[in-house]
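**Student:** Next up is a structure, given as structure tokens.
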Amino acid sequence: MRRNARAGVTLLEMLIALWVMAAAAVILSSSLGLTGRALQRVGSEAADVNALAARAVLRRWLEEMPVAARLSGDATGMEFGALIDAPPLTAARVERVRLAIDGAALRAVAGDGAVVAELSADGVLVGIRYFGDGAWRDDWAGTALPDAIRIEYLDRGRVVPPLTVIPARRARQSEMSLSSPVPPG
């Protein structure tokens, strides 16, 4: 028996088409669900990446400060001079950097608020300690730089490993002493 060319779709063809569309809908909905969950995870991890980047910026500012720069502070904040090569600032002059709780966040602010490194959005600073003259202190106002600085804070209620930095490390390591070996050449 031959089929009429102007006849409609058979029931079997209709069922197969519905089955293919249902399978495509299931695949699409499951992939969108996975994508949504992945985006939620990436959103929470992005905050961790920003906090790590801010730690790296603050570490670089402290380690690259000049030996003659002034540093003063206590357990709740500190202020120091640093050479910062980030627009709109220039490394041609020493900029003032303040590390303190600003509003609800723990921030390092350079210049007149031109560059900001936000360490923690919830602003819980455990304390800042300064190592000099063989002992840890809660404040520093000396004319010389401390040998080390330890910054302890919480990030979103979680304990973060302390940030321990040697101020002016790069400048100190570039100085040669009489016991240093002669450079080649």
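The values are calculated or read from the model by the stated rules, or taken from the named source; none is laboratory data. Keep in mind that this is a model prediction, so the values were computed, not measured. Every residue, glycine as well, gets a Cβ built from its backbone with ideal geometry; the counts of neighbours run over all protein chains shown.
**Student:** Looking at (1) under 20 Å from Ala51 (Cα atoms); (2) in a strand (DSSP E or B), which one does Ile84 not meet, given that it meets all the others?
**Tutor:** Unmet condition: (2).
**Student:** Collect the residues in region 114-158 that are among the acidic types (Asp, Glu), under 17 Å from Ala56 (Cα atoms) and without any contact (Cβ under 8 Å) to a residue 40 or more places away in the chain, keeping them in residue-number order.
**Tutor:** Listed by number, the list holds a single entry, Glu152.
**Student:** Please work out which one of (1) surrounded by fewer than 10 Cβ atoms within 10 Å (Cβ to Cβ); (2) under 20 Å from the mean Cα position of the chain (by Cα) is the condition Arg2 fails and give its number.
**Tutor:** Evaluating Arg2 over (1) surrounded by fewer than 10 Cβ atoms within 10 Å (Cβ to Cβ); (2) under 20 Å from the mean Cα position of the chain (by Cα) leaves (2) as the failure.
**Student:** Also, quick follow-up: Does Ala68 fit the bill of being more than 30 Å from Leu163 (Cα to Cα) and not basic (Lys, Arg)?
**Tutor:** Here the answer is no, as Ala68 does not meet what is asked.
**Student:** Only one residue in Asp122, Asp155 is within 16 Å of Leu52 (Cα to Cα), at pLDDT below 85 and buried (at least 17 other Cβ atoms within 10 Å of the Cβ). Which one?
**Tutor:** Unique residue meeting the criteria: Asp155.
Residues are listed down the side, and each one gets a yes or a no for (1) farther than 28 Å from Glu152 by Cβ; (2) among the polar types (S, T, N, Q); (3) touching a residue at least 60 places away in the same chain (Cβ under 8 Å):
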| position | (1), (2), (3) |
| --- | --- |
| Arg3 | yes, no, no |
| Glu13 | yes, no, no |
| Met21 | yes, no, no |
| Ser30 | yes, yes, no |
| Arg60 | no, no, no |
| Glu79 | no, no, no |
| Ala82 | no, no, no |
| Leu89 | no, no, no |
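**Student:** Let me ask something else. Just checking, how many residues over region 78-94 are buried (at least 16 other Cβ atoms within 10 Å of the Cβ) and either at pLDDT 90 or above or farther than 20 Å from Ala141 by Cβ (or both)?
**Tutor:** Residues meeting the conditions: 6.
**Student:** Is one or more of the residues making up region 103-123 assigned to a strand (DSSP E or B) and either under 16 Å from Ala171 (Cβ atoms) or in contact with a His (Cβ under 8 Å, 6 or more places away or on another chain) (or both)?
**Tutor:** no
**Student:** Val97: crowded, with 18+ Cβ neighbours inside 10 Å and in contact (Cβ under 8 Å) with a residue 24 or more places away in the chain, yes or no?
**Tutor:** Spelling it out, Val97 is indeed crowded, with 18+ Cβ neighbours inside 10 Å and in contact (Cβ under 8 Å) with a residue 24 or more places away in the chain.
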